[in-house]
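Q: Input: one structure, supplied below.
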Amino acid sequence: MKFHLEIVTPEHLVYSDDIDVLTVPTVQGEISILAKHVPLVTMINPGEIIIKKNNEIEYMAISGGFVQVIPNKVIILADAAERAEEIDLERAEQARERAQRLMEEKRGDKISHAEAMAAFQRALVRIKVARRKTKK
Ligand code: ATP
């Protein structure tokens, strides 16, 4: 039995389809959602989303946001989300190096350091998800 998944960012509707299983990295840990899941709203951590539809598996990078489960529908509101094929690996590697340098430089500045850590995290997720596409 399928349910409808929508993934929306401030820029566009990234995903809209009927799917079988969604795995999403929430702040309480990774959860897998099937049709008829209990209603739920929770925050998402930066991480990997896994979408199963028929016999296909799709991987996406998500940089944080919210997931809402309502009857027969799941809505993800994300800061940013990219399908594995859309990720520019070189850009993510450059972002990781830049963030690493900033984390070193901004040790004394809590806010800048936290921003650099968040950027580092986003880049690591993108690198992991981008590499998935070559493994399929
Ligand atoms: P960068 O420093 O490379 O811009 P960032 O983590 O600051 O990375 P975000 O602010 O999370 O980027 O995202 C800004 C926009 O760029 C979003 O639309 C996001 O989907 C897209 N984006 C960011 N990094 C990549 C990437 N490596 N490949 C494809 N799209 C990306």
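Q: Which residues, counting only those in segment 101-116, are of a type outside the set (D, E) and surrounded by 14 or more Cβ atoms within 10 Å (Cβ to Cβ)? Step through it out loud before you land on a result.
A: Going residue by residue through segment 101-116, those that are of a type outside the set (D, E) are 101-103, 106-108, 110-114, 116.
Residues satisfying the conditions are L102, M103, K106, S112, H113, A116.
Q: Continuing with this model, one more query. In segment 83-136, which residues are under 27 Å from I50 (Cα atoms) and not in a helix (DSSP H, G or I)?
A: Listed by number, the residues that qualify are R83, I87, D88, K136.
Q: Being farther than 23 Å from F3 by Cβ, modelled with pLDDT of 95 or more and surrounded by 17 or more Cβ atoms within 10 Å (Cβ to Cβ) narrows it down to one residue among R98, R122; which is it?
A: Details: R98 fails: surrounded by 17 or more Cβ atoms within 10 Å (Cβ to Cβ).
Of R98, R122, the one residue that is farther than 23 Å from F3 by Cβ, modelled with pLDDT of 95 or more and surrounded by 17 or more Cβ atoms within 10 Å (Cβ to Cβ) is R122.
Q: Moving on to the next point. Does segment 98-112 contain at least one residue that is within 12 Å of Y59 (Cβ to Cβ) and not small (G, A, S)?
A: We begin by selecting, within segment 98-112, every residue within 12 Å of Y59 (Cβ to Cβ); these are none.
Within segment 98-112, not a single residue is within 12 Å of Y59 (Cβ to Cβ) and not small (G, A, S).
Residue-wise test of (1) within 16 Å of the ligand (Cβ to nearest atom); (2) aromatic (F, W, Y); (3) touching a residue at least 60 places away in the same chain (Cβ under 8 Å).
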residue: D17; (1), (2), (3): no, no, no
residue: G29; (1), (2), (3): no, no, no
residue: I51; (1), (2), (3): no, no, no
residue: M60; (1), (2), (3): yes, no, yes
residue: R91; (1), (2), (3): yes, no, no
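Q: Now for a different question. Could you say which residue among A95, A80 is within 9 Å of the ligand (Cβ to nearest atom) and not assigned by TED's automatic domain parsing to the domain that holds H12? Working first, answer last.
A: Working: A80 fails: not assigned by TED's automatic domain parsing to the domain that holds H12.
Only one candidate qualifies: A95.
Q: Moving on to the next point. State yes or no: is I76 in contact with a strand residue (DSSP E or B) (Cβ under 7 Å, 6 or more places away or on another chain), closer than 15 Å to V125 by Cβ, buried (at least 16 other Cβ atoms within 10 Å of the Cβ) and not acidic (D, E)? Let's see the steps before the verdict.
A: Working: in contact with a strand residue (DSSP E or B) (Cβ under 7 Å, 6 or more places away or on another chain): yes; closer than 15 Å to V125 by Cβ: yes; buried (at least 16 other Cβ atoms within 10 Å of the Cβ): yes; not acidic (D, E): yes.
When the stated conditions are applied, I76 passes them.
The values are calculated or read from the model by the stated rules, or taken from the named source; none is laboratory data. What you see is a predicted model, and the numbers here were worked out from it, not measured in a lab. Using ideal geometry, Cβ is built from the backbone for each residue, glycine included, and neighbour counts are taken over all protein chains shown.
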